[in-house]
1. Just name one of VAL228, ALA272, SER43: the one whose Cα is farthest towards the positive end of the charge dipole of the chain (beta-carbon charges, Lys/Arg +1, Asp/Glu -1).
2. About its Cα centre, what dipole magnitude does region 39-185 give when the only charges are +1 on Lys and Arg Cβ and -1 on Asp and Glu Cβ, stated in debye to the nearest 20?
3. Helix-only estimate, please: 222 nm mean residue ellipticity of the chain, summing -39500 (n - 2.57) across DSSP H runs of length 4 or more and dividing by its residues, to the nearest 500.
4. Mind ranking 262-273, 75-86 by how tightly packed they are, going by the mean number of other C-beta atoms within 10 angstrom, highest first?
5. Kindly identify region 13-143 as rounded, prolate or oblate by the Cα gyration tensor criterion: order the square roots of the eigenvalues as a ≥ b ≥ c, call it rounded if a/c is under 1.5, otherwise compare a/b with b/c, prolate if a/b is larger, else oblate.
6. For a protection proxy built on the mean count of beta-carbon atoms within 10 angstrom, sort 289-295, 379-385, 96-102 highest first, please.
7. To make sure I understand, if each residue's beta carbon is the centre and we count other beta carbons within 10 Å, what order do HIS232, HIS6, HIS296 fall in, fewest to most?
8. Could you give the size of the charge dipole of region 265-389 about its Cα centre, using +1 on the Cβ of each K and R and -1 on the Cβ of each D and E, expressed in debye and rounded to the nearest 20?
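What follows is calculated from the coordinates using simple rules that are stated; it is not laboratory data. Since this is a predicted model, take the numbers as computed values, not measurements. Here the Cβ is made from the backbone with ideal geometry for all residues, glycine too, and neighbour counts use every protein chain on show.
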Amino acid sequence: MPPQGHPASYYAATAKGIEPHPVLRGAETADVCVIGAGYTGLSAALHLAERGFSVIVLEAERVGWGASGRNGGQLGTTHRKDQQTLETMLGREWAHRLWSLAVDGLATVKRLIADHAIDCDLKPGILHTAWKEREAPELRAEVEHMQREYGVTTLRYVPADEVHEMVGTKRYFGAILDMGGAHLHPLNYCLGLAGAAAAKGVRIFENSRVTDIAKTDPARVTTAEGSVTARHVVLACNAYLGNLAPRIAGHIMPVNNFILATEPLGEAGARALIRDDVGVQDTKFVIDYYRLSADHRLLFGGGENYSGRLPRDLAAFVRKPMLRVFPQLKDVRIDYAWSGTLAITLPRIPDFGRLAPNIFYAQGYSGQGINIATLAGKLLAEAVAGQAERFDWMANIKVPNFPGGTWLRYPGLLAGVWWYTLKDRLP
């Protein structure tokens, strides 16, 4: 059974360090009120506390309840867009700035895990595989570009025959091996951040959904049973923003993603699927991503939907893409299957900004949440402390609303997803 208040998943069943936090009751004050106890909010709280700020975190559910506790656990090096695409979109100088931020984000995650002894099964390596033959030369060119223009030494192009030795499938035509990337137990990482923040004096309140933010100075944040008066507010809700900030709700699209965990396969059985125990993700528009757990299960993510309705049988839903990659698993038992909701933006670039001079937000990580959300928390802390240069590198990238705003954005997205999903299935 999962811990009380957490959705059932492999991660919840193997969670470490879950500590109950009280409900906010009555009036409290702090230098900063952070809304949301996922990676963004907890990273912001921890970095702010290290700077000497008093911080209160308000969480509508439990720490790590959302995507931070349910995702694929893949710690990538980059933003969702590759650097060549970012250079075309934003120019070479801005793309280099974003690369420096992504590198810092990756280093920050690894530093936090080491400094606070977070037990989250951190393992090195991400393999980015070509689903189609024409994509293999593109991946090779990307490696060469990153080595030449950015001095990256952790990327290597892997030809198809070597990929087939590394992964127990013939589906792929080449890959990039990123040994700077990593994978981990996402909920335990999130719980570790919460523990580190609490040890620094951060006060965390769970089951304390925010109902209103008064854009005053100081700001006043209200919940059903209490309030927080704070000089600064950090909005870290991402896909669970709801109607709390209508002005920016249309910048993001909540997307449901699905993951399963097989029965334990034994070390030999697991390594027959992924020889070197790296995380794997492909080049499809609706990507497959998978890795091995510490107890030798395959954790496989695949499929999306864009409404509040979930498939009736999550295990069967994800089994289909898993068997396209690993047909040899047709008789393997599925022990867990669960969903999570992430937020994408139209250009697949994170959305940073201010709702008022003292109210900051970051959202829309588009599937790169572990690295970029942790980084976002660090940049939010810098901005609150009056050192907003790096925060503004992100905030000055204007992320548009989805066509149709918050209510009519889904039909257009569904049409686009249908087209790209069809392309995924074509040769």
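1. Of the candidates, VAL228 comes out farthest on the positive side.
2. 180 debye
3. Result for the chain, helices only: -11000 deg cm²/dmol.
4. 75-86, 262-273
5. Prolate is the answer for region 13-143, as a/c is 1.5 or above and a/b outweighs b/c.
6. By packing density, highest mean first, the sequence is 379-385, 289-295, 96-102.
7. The order, fewest Cβ neighbours first, is HIS296, HIS6, HIS232.
8. I would put it at about 420 debye.
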